[in-house]
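Taking it in order: structure first as structure tokens, then the write-up.
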Amino acid sequence: MSVSRRSFLRLAGGLGLVGATAGLHLVDLGPRPQTGSLLRSGRPLPRPFAVPLPVPAVARPAESTGDVDRYEIVQREADAEILPGTTTRVWGYDGTFPGPTIRARRGRPVEVRFRNELAVPTAVHLHGGHTPADSDGYPTDLVLPAGARAGRAGHGEHRDHGGEVVTGRRDHRYPLDQRAATLWYHDHAMDVTGPHVYRGLAGFFLVGDDEDDALGLPGDERELPLMIADRAFDGDGAFLYPALSPDERPPGVEERFMAGVLGDVVLVNGAPWPGHEVARTTYRLRLLNASNARRYELALEADGDAGTRPLAFSQVGTDGGLLEAPRRRATVTLAPAERADVVVDFAAVPTGTRVVLANRLGRGSTARVMAFDVVRDGLDDAAVPERLGEVERLDPTEAVTTRTFAFQLQRDPGAESGVGADDTGLGPHRWMVSGRPFSPDHDHATPRLGDVEVWRFLTDLHHPVHVHLDHFQVLARNGRDPGPGDHGWKDTVDLLPGETCEVAVRFTDHAGRYVFHCHNLEHEDMAMMANFSVS
Ligand code: C2O
Ligand code: CU
Ligand code: CU
């Protein structure tokens, strides 16, 4: 065990000790916005706002019948020009980062055949999808590379955990019997989700419905999905990720990064600090934080002749779709995997204004995200309606049970006996849920279909907690009212160090085995994940 690991463990082992770190940035100093360590790029960073904002292509179905749209998406490597003048090898859906956007409608099923032409096993998860268990991308339901022989998975032991391992491709069926919402699909392979997503395996999946259409919110080129993700690059422009080994054997990151990997370049839709020209009218921005570990507090700063002034967001939707009513917000904080659907009115500023999407939790290069240049007049657009979506309230007094889950770094109880140790190289401490590292063989909860339950989450450090299968509603945070980002239907809740949060959840329609986990992907890979089995 190296000195730095020991000092990490001494510091973190107390769990009360969240701040002080000698060379170990468990929590950034200053505002302490996140848990993780900064990885610096090995080359000069590009000028901000110089690259145009890419908008991911919308996938076209290979086949559409009366009742289903079928897609085929290939996971493969490709070279992308992310930093001007260099190429970056990405692992992309259809070779692109972000992957193609799938546009779907509530109630109209989508089937996607995901082929794996990478060199490593993958699993695809539709985040926020109300999806049958066998299509949910369970972490050991691996797809081995096309052409791989079974038994050479590199993750052979997982086959013992009831994973359904296939070779070359898997067909996922998404019934999409769910509200309109900004969903996303991304890799979910056990122990290696962090590096896989970091290298590019993430895309938007947008569900529409009549309720959303009826509101007349900005559409077409005035509806922008924005995938925000930080990265670091090496001297040649390749993604820099502190993996223990290039072939993922063993998986895991260098111990200095076990609290999370933070990059110094902020990408939006795969471009560094892009710029985008807009008209003086309203835009709908579908904001997604697809970063491994970084949190953002987003703000709009209009830079005009009269100096800098803020522009507000009107939040219309969250992880699980429309809010009941718009919420005016000066800033929007997003932890990894959270989404916010916002309307911004650029008519509030004169033509010629640059509106910077800033990150109040960032320092230096990470203090800004992208810019909108207001270059022309636009239509006088209808205001955002006062009433948005119907949000059914789950009634916590009907809850059949309250379950408590602690998201904490702990000593692995199995380590001494050698159980569960230690192909990850992480040593006997891991990120855990209620004292256990992830095991496909253990259920942390066994809810019944249709029951309302209260789940209480406790944290030591920052942990964005995500639950598969159904969205939930935040009832309370630290015994008080939910926070500004907690309204509506959520699937990921941003918990700060030492917080407690209660949510009401009701699992419906699909029985089977699912996971819930921390969406800091380094924590997730280092075992901060748990099963629940619905019956
Ligand atoms: Cu976004 Cu279990 O994942
Ligand atoms: Cu998910
Ligand atoms: Cu975490």
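Each value in this text was obtained by applying a stated rule to the coordinates, not by laboratory testing. Worth saying up front: this structure is predicted, and the values here are computed from it rather than measured. Here Cβ is always computed from backbone atoms with ideal geometry, including for glycine, and neighbour counts include all displayed protein chains.
Points to keep in mind about this one:
- Working ranking of peptides 65-72, 488-495 by packing, defined as the average number of other Cβ atoms within 10 Å per residue, highest first, is 488-495, 65-72.
- For the chain: rounded, prolate or oblate by the Cα gyration tensor [a/c cutoff 1.5]: rounded
- Estimated FRET transfer efficiency (residue 401, residue 173; beta-carbon r; R0 25 Å; 0.05): 0.25
- For a label point 7 Å along the Cα-to-beta-carbon line of residue 146, residues of segment 35-77 with backbone N under 14 Å: 72-77
- Extending 7 Å from the Cα toward the beta-carbon at both residue 78 and residue 309 defines two label points whose distance is 4.3 nm.
- When +1 charges are put on Lys and Arg Cβ atoms and -1 charges on Asp and Glu Cβ atoms, the dipole computed for segment 332-407 relative to its Cα centre reaches about 640 debye.
- Peptide ranges 257-264, 355-362, 372-379 listed from the most packed, as the mean C-beta count within 10 angstrom indicates: 257-264, 355-362, 372-379
- Rounded if a/c under 1.5, otherwise prolate or oblate - segment 127-278, Cα gyration tensor axes: oblate
- Count Lys and Arg as plus one, Asp and Glu as minus one, and take only other residues whose Cβ is under 13 Å from that of residue 267; the net charge is then +1.
- Rounded, prolate or oblate (a/c below 1.5 giving rounded, otherwise prolate when a/b exceeds b/c) for segment 63-215 by Cα gyration tensor: oblate
- Ordering of 108-114, 79-85 by burial proxy (mean other Cβ atoms within 10 Å per residue, highest first): 108-114, 79-85
- MRE, 222 nm, helices only [DSSP H, n ≥ 4, -39500 (n - 2.57), over the chain, to nearest 500]: -1000 deg cm²/dmol
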